[in-house]
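Below: one structure, written as structure tokens.
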Amino acid sequence: MSSRLVNVRLDAERLRKAQTLRERGVALSDVVREAIDERFAGLHRSDSKPDVRTIVRRIFEQYPDPPDLPRRDYDVHDRRAARGAILRKLGPVRP
């Protein structure tokens, strides 16, 4: 396997961090390899279709309805009823 040398420019803050890592025995080449692998894996995750059910479940977990929220006056599973409720909430359309 042939390897390549990569030259990276660092700002002062990153240079300080890199020096601290080296002083503590961390091989910077390992850090770079891990970062490349992590970013590359992220590319493959973003290419796959998102699991919509999981995303919606997480949204509801993060932002649950408040306990004192009144019941809706329409069937949320009926798209026509939901559309009507949304249009009523938005009010008349201005020209």
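The values are calculated or read from the model by the stated rules, or taken from the named source; none is laboratory data. Just so you know, these numbers come straight off a predicted model, no measurement behind them. Reconstructed Cβ throughout: ideal geometry from the backbone, glycine too, with neighbour counts over all protein chains shown. Ligands, DNA and RNA are stripped out before the accessible areas are found, and what is left, the full protein with its side chains, is counted by its heavy atoms. Shrake-Rupley method; radii C 1.70, N 1.55, O 1.52, S 1.80 Å.
Ligands, DNA and RNA are left out, and with a 1.4 angstrom probe the accessible area of region 27-95 is 105 Å² per residue. Looking at (i) 22, 15, 12; (ii) 53, 18, 16; (iii) 22, 18, 10, which value of semi-axes √(5λ) of the Cα gyration tensor in Å comes from a calculation on the structure shown? Of the listed options (i) 22, 15, 12; (ii) 53, 18, 16; (iii) 22, 18, 10, (ii) comes from this structure.
Estimated purely from DSSP H runs of n ≥ 4, each contributing -39500 (n - 2.57), the mean residue ellipticity at 222 nm for the chain is -18500 deg cm²/dmol once divided by its residues.
For the chain, which whole-number percentage of the solvent-accessible area (1.4 Å probe, protein heavy atoms only) is attributable to carbon and sulfur atoms? It is 55 percent, rounded to a whole number.
A Gaussian network model of the chain, with springs between Cα atoms under 10 Å, assigns the largest mean-square fluctuation among ASP65, ASP51, ASP75 to ASP75.
Cβ-Cβ distance of LEU10 and ASP37, R₀ of 25 Å, FRET efficiency by 1/(1 + (r/R0)^6): the value works out to about 0.80.
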